[in-house]
Amino acid sequence: MASRQWSYTNGVSEKPLLGMTIGDMFDQTAAAYPDNEALVSRHQGLRYTYHELQAQVDQLARGLMSLGLAKGERIGIWAPNCAEWCITQFATAKLGAILVNINPSYRLHELEYALRQSRCSFLITAPSFRGANYLEMIATLAPELERAQPGQLQSQRLPDLRAVIRLGAGPMAGVYAWDDVMAAAQWVTATDLAERQSQQEFDDPINIQYTSGTTGYPKGATLSHHNILNNGYFVAETMNFTDRDRLVIPVPLYHCFGMVMGNLGCISHGATMIYPSEAFEPVAVLEAVQAERATAVYGVPTMFIAELDNPRFSKYDLSSLRTGIMAGAPCPTEVMKKVQSLMNMREVEIAYGMTETSPVSFQTRVGAPLEKQVSTVGQVHPHVEVKIIDPATGQIVPLGAPGELCTRGYSVMLGYWGNEEGTRQAIDQARWMHTGDLAVMDEEGYVNIVGRIKDMIIRGGENIYPREIEEFLYTHPKIADVQVIGVPDVKYGEEIMAWVKLRDGEMASDQEIRDYCRGQIAHFKIPRYVKFVDTYPMTVTGKIQKFLMRQQSVEELSLGQAASITTA
């Protein structure tokens with residue numbers, strides 16, 4: 001096949017895969033760099049060396065053991081970026097409990113689904129975030145908490161959930177405080193924890209991350225120690241990370257970008273994790289870089305745009321920066337050039353992947369030509385195979401021809417939690433993960449993502465499947481039919497638009513539709529544009545033509561400028 005130059009490549013590396021669990025890697029790093037700063041949570045005023053962070057992690061692990069958290073049980077975490085999130089990530093890894101990442105933007109409908117589908121027995125929650133009262137929402141789903149002893153919840157709507165742990169101070173009926181759990185560590189010895197940790201295998205599932213599903217419900221990508229530890233390690237390796245690097249992490253921890261590329265990338269190298277704020281704030285990032293002498297920053301393009309556009313941008317000393325990663329959405333070429341020059345990030349890299357592949361499968365390299373840095377997603381990751389196939393035949397296409405990108409290797413998820421059919425649809429018999437993205441490969445193995453087979457919307461780095469929003473909007477009593485599409489947007493890359501058909505005799509406004517969504521689905525899934533229609537453009541066989549809907553919408557909304565932006 002080589003003579004015809006097919007679209008296949010694999011990542012050769014002199015460095016072997018890490019054959020260990022996350023807990024063992026963490027302890028190995030803590031032993032090697034005990035006095036290195038491990039974690040700085042600036043908005044909380046907290047700093048931990050690796051030795052100090054290890055003490056916190058082990059104390060929480062012993063506390064959770066004392067509450068009866070068993071290997072393989074699911075424990076949800078619903079909180080913005082904070083030190084407790086990080087501590088929980090490593091404590092649960094030592095116990096072999098499966099951490100379920102719950103998006104801080106989730107509301108009642110989505111929270112209930114995630115807890116029920118994963119059958120969470122424990123939930124760690126922030127009290128509130130950005131005006132949303134988490135404790136109130138949990139009490140709505142599980143009113144039995146008011147009469148329950150902590151750890152003994154029996155809920156009708158959440159039948160598997162038995163314990164809720166809240167961050168911060170203040171009592172709540174039926175709920176453990178974080179400090180209660182830390183205090184319970186006294187009932188479990190370090191020897192008990194070490195024995196429990198030794199029972200873990202690196203192929204064990206350790207994390208469930210929900211990604212929006214084409215069936216209308218999110219699917220829980222189930223990831224192992226081996227999946228995410230190696231991916232974090234090789235992301236940082238590709239950036240030439242050492243124990244002297246200091247990484248600002250403004251991207252969310254519930255997502256692979258934060259907890260894998262950020263946290264695991266750092267702890268596998270003895271580097272420093274820096275959380276500038278609960279959620280992204282451009283000034284907090286710039287302040288953190290200056291104050292902490294950061295060497296690297298992560299972000300989606302909209303974050304870098306907001307930092308560059310800050311009125312006081314030129315006042316900050318960013319001379320310590322060397323590298324970072326821009327990922328999650330296509331990057332405008334001009335933004336990449338400004339990040340390299342104005343932010344001093346000469347070695348900034350682009351990464352591409354998906355939650356189901358832990359996440360990264362492509363990354364640009366230090367020293368790559370500027371053209372490759374701004375027009376491709378880079379070359380294949382170490383120890384990963386990729387091929388580009390004809391979606392109709394399944395055959396590998398020649399170099400330069402578009403087709404569906406497929407990846408195989410250590411990074412492919414174990415499967416979707418409790419969803420064998422979804423797993424079979426995503427991963428074929430030869431263990432190739434079908435991404436649904438259309439891509440083109442050149443002779444040097446650089447790949448450009450040129451479109452999507454599925455109609456996924458990427459808004460500011462968030463992957464959104466229209467079907468999920470459609471399924472929810474179908475519950476509106478006035479809506480007979482709805483189709484959701486993505487339309488171009490200068491700030492977010494894409495925005496959500498709903499074409500709504502009302503029931504006979506009904507009247508509604510676009511604001512009424514948006515208000516119906518608030519508090520029920522995440523804010524980034526709420527349609528920015530609503531169009532009321534009587535019909536949809538269709539093929540002769542009755543299939544809705546969303547590409548025509550998009551074309552019409554671009555014209556009607558005068559979005560031609562946004563549609564013409566050149567992206568990497």
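The values are calculated or read from the model by the stated rules, or taken from the named source; none is laboratory data. Predicted model only: the values in this text are computed from it and were never measured. Cβ: placed from backbone, ideal geometry, glycine included. Neighbour counts: every protein chain shown. These area figures cover heavy atoms from the full protein model, side chains too; ligands, DNA and RNA do not enter into them. Shrake-Rupley method; radii C 1.70, N 1.55, O 1.52, S 1.80 Å.
Here are a few things to note about the model shown:
- Count of the range 502-513 residues which are of a type outside the set (Lys, Arg) and surrounded by 11 or more Cβ atoms within 10 Å (Cβ to Cβ): 6
- Odd one out for ALA563, checked against (1) touching a helix residue (DSSP H, G or I) at 6+ places or on another chain (Cβ under 6 Å); (2) open to solvent by less than 40 Å² (accessible area, probe 1.4 Å); (3) within 25 Å of VAL450 (Cα to Cα); (4) not β-branched (Val, Ile, Thr): (2)
- Output for the range 337-370, where each listed residue is over 25 Å from the mean Cα position of the chain (by Cα), modelled with pLDDT of 95 or more and under 17 Å from TYR446 (Cβ atoms): none
- Scan of the range 326-339 for residues that are part of a helix (DSSP H, G or I) and open to solvent by 30 Å² or more (accessible area, probe 1.4 Å), ordered by number: GLU334, LYS337, LYS338
Let's see how each residue does on (1) open to solvent by 50 Å² or more (accessible area, probe 1.4 Å); (2) β-branched (Val, Ile, Thr); (3) out of contact with any helix residue (DSSP H, G or I) (no Cβ under 9 Å at 6 or more places or on another chain):
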position	(1), (2), (3)
VAL164	no, yes, no
ASP180	yes, no, no
GLN199	yes, no, yes
THR211	no, yes, no
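Conditions tested, residue by residue: (1) surrounded by fewer than 20 Cβ atoms within 10 Å (Cβ to Cβ); (2) without any contact (Cβ under 8 Å) to a residue 24 or more places away in the chain; (3) of a type in the set (A, V, I, L, M, F, W, C); (4) part of a loop (DSSP other than H, G, I, E, B).
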position	(1), (2), (3), (4)
GLU443	yes, no, no, yes
ILE458	yes, no, yes, no
VAL482	no, yes, yes, no
GLU494	no, no, no, no
MET497	no, no, yes, no
VAL500	no, no, yes, no
ASP515	yes, yes, no, no
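- All of ARG47, ARG42, ARG119 fail the test of being without any contact (Cβ under 8 Å) to a residue 12 or more places away in the chain and either closer than 28 Å to PHE280 by Cβ or open to solvent by 40 Å² or more (accessible area, probe 1.4 Å) (or both), apart from ARG47.
- Set MET354, MET343: member being in contact with a strand residue (DSSP E or B) (Cβ under 8 Å, 6 or more places away or on another chain), surrounded by fewer than 22 Cβ atoms within 10 Å (Cβ to Cβ) and either over 16 Å from ASN240 (Cβ atoms) or of a type in the set (A, V, I, L, M) (or both): MET343
The rows are residues; the columns are (1) more than 16 Å from TYR210 (Cβ to Cβ); (2) over 17 Å from the mean Cα position of the chain (by Cα); (3) of a type in the set (Lys, Arg).
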residue: ALA83; (1), (2), (3): yes, yes, no
residue: CYS86; (1), (2), (3): yes, no, no
residue: ALA91; (1), (2), (3): yes, yes, no
residue: HIS109; (1), (2), (3): no, yes, no
residue: LEU141; (1), (2), (3): yes, yes, no
residue: GLU146; (1), (2), (3): yes, yes, no
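- Failed criterion for GLU110 (all others in (1) of a type in the set (Asp, Glu); (2) open to solvent by 40 Å² or more (accessible area, probe 1.4 Å); (3) over 15 Å from ILE267 (Cβ atoms) hold): (2)
- The residue list ALA163, ALA126 contains one member that is touching a residue at least 60 places away in the same chain (Cβ under 8 Å), among the small types (Gly, Ala, Ser) and within 25 Å of PHE26 (Cβ to Cβ), which is ALA163.
- Some residue of the range 235-248 being hydroxyl-bearing (Ser, Thr, Tyr), surrounded by 24 or more Cβ atoms within 10 Å (Cβ to Cβ) and out of contact with any helix residue (DSSP H, G or I) (no Cβ under 9 Å at 6 or more places or on another chain): yes
- Test set (1) in contact (Cβ under 8 Å) with a residue 40 or more places away in the chain; (2) more than 26 Å from SER564 (Cα to Cα); (3) open to solvent by less than 30 Å² (accessible area, probe 1.4 Å) - GLY299 fails condition number: (2)
- Pair list, Cβ < 8 Å and 6+ apart or interchain, from the range 394-409 residues that are farther than 20 Å from VAL360 by Cα and open to solvent by less than 30 Å² (accessible area, probe 1.4 Å) to residues that are aromatic (Phe, Trp, Tyr) and part of a strand (DSSP E or B): VAL397/TRP6
- Of all the numbered requirements in (1) within 22 Å of the chain's Cα centre (by Cα); (2) surrounded by fewer than 19 Cβ atoms within 10 Å (Cβ to Cβ), GLN28 misses one, and that requirement is (1).
- Residue in the range 355-367 that is small (Gly, Ala, Ser) and under 26 Å from THR435 (Cβ atoms) present: yes
- Within the range 259-295, the set of residues being of a type in the set (Val, Ile, Thr) and either more than 19 Å from ALA306 (Cβ to Cβ) or open to solvent by 10 Å² or more (accessible area, probe 1.4 Å) (or both) comprises VAL260, ILE267, THR272, VAL283, THR295.
- Selection status of ALA55, crowded, with 19+ Cβ neighbours inside 10 Å, among the small types (Gly, Ala, Ser) and out of contact with any Asp or Glu (no Cβ under 6 Å at 6 or more places or on another chain): no
- Among residues of the range 53-75, those that are more than 15 Å from GLY151 (Cβ to Cβ) and under 25 Å from the mean Cα position of the chain (by Cα), counted: 9
- Tabulated pairs, the range 6-27, first under 30 Å from GLU444 (Cα atoms), second of a type in the set (A, V, I, L, M) and in a loop (DSSP other than H, G, I, E, B), C-beta under 8 angstrom, 6+ apart or interchain: TRP6/VAL397; TRP6/LEU399; SER7/VAL397; SER7/LEU399; SER7/ALA401; TYR8/MET1
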